[in-house]
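Report on the following structure.
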Amino acid sequence: MMKNFTKDVIDYAKEGAPHVTTSQYNERLRVCGNCPHLKRDTMRCGKCGCIVEHKAKWGTTTCPDDRWDLIKKK
C-alpha cells in the first residue's frame, strides 16, 4: 500500500498536482462507491489501499481495476 501511495504522490507532484474536474471527481467517487473492492469502513480501495476521496481527485491517478477508464475527460 505504501509503495502505491508513494508512487502516486511522486507522479502527482511531478505533473504539478493536477486535479480532475468536479464532474470527473464525482463520477470517480460514484464508480468507487459501486465497486466490490471498496472497503467501506475505511473508504479505501481494496486493490491498492488508497483513500478513495483523495485518489479520485488527482489527475495523475488511475483505478487499479481500470474502472475509471470509461470516464471521459470533460
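Observations on the model:
- If you go through the range 59-74 and keep only what is open to solvent by less than 40 Å² (accessible area, probe 1.4 Å) and in contact with a helix residue (DSSP H, G or I) (Cβ under 6 Å, 6 or more places away or on another chain), you end up with Thr61, Trp68, Ile71.
- Pairs where the first residue, in the range 8-33, is farther than 19 Å from Gly49 by Cα and the second is among the hydroxyl-bearing types (Ser, Thr, Tyr) and not in a helix (DSSP H, G or I), C-beta under 7 Å, 6+ apart: Glu15/Thr60; Pro18/Thr60
- Number of positions in the range 12-44 that are within 17 Å of Trp58 (Cα to Cα), open to solvent by 50 Å² or more (accessible area, probe 1.4 Å) and outside any loop (DSSP other than H, G, I, E, B): 10
- Failed condition for Lys55, given (1) open to solvent by less than 40 Å² (accessible area, probe 1.4 Å); (2) farther than 24 Å from Lys14 by Cβ; (3) not acidic (Asp, Glu): (2)
- Scanning the range 52-74 for residues that are free of Cβ contacts under 8 Å to residues at least 40 places away in the same chain and under 8 Å from the mean Cα position of the chain (by Cα) yields a total of 7.
The values are calculated or read from the model by the stated rules, or taken from the named source; none is laboratory data. Please read these numbers as outputs of a predicted model, since none were measured by experiment. Cβ coordinates were reconstructed from backbone atoms using ideal geometry, including for glycine residues, and neighbour counts include every protein chain displayed. Each accessible area value is taken on the protein alone, full model and side chains, heavy atoms only, with ligands, DNA and RNA left out. Shrake-Rupley method; radii C 1.70, N 1.55, O 1.52, S 1.80 Å.
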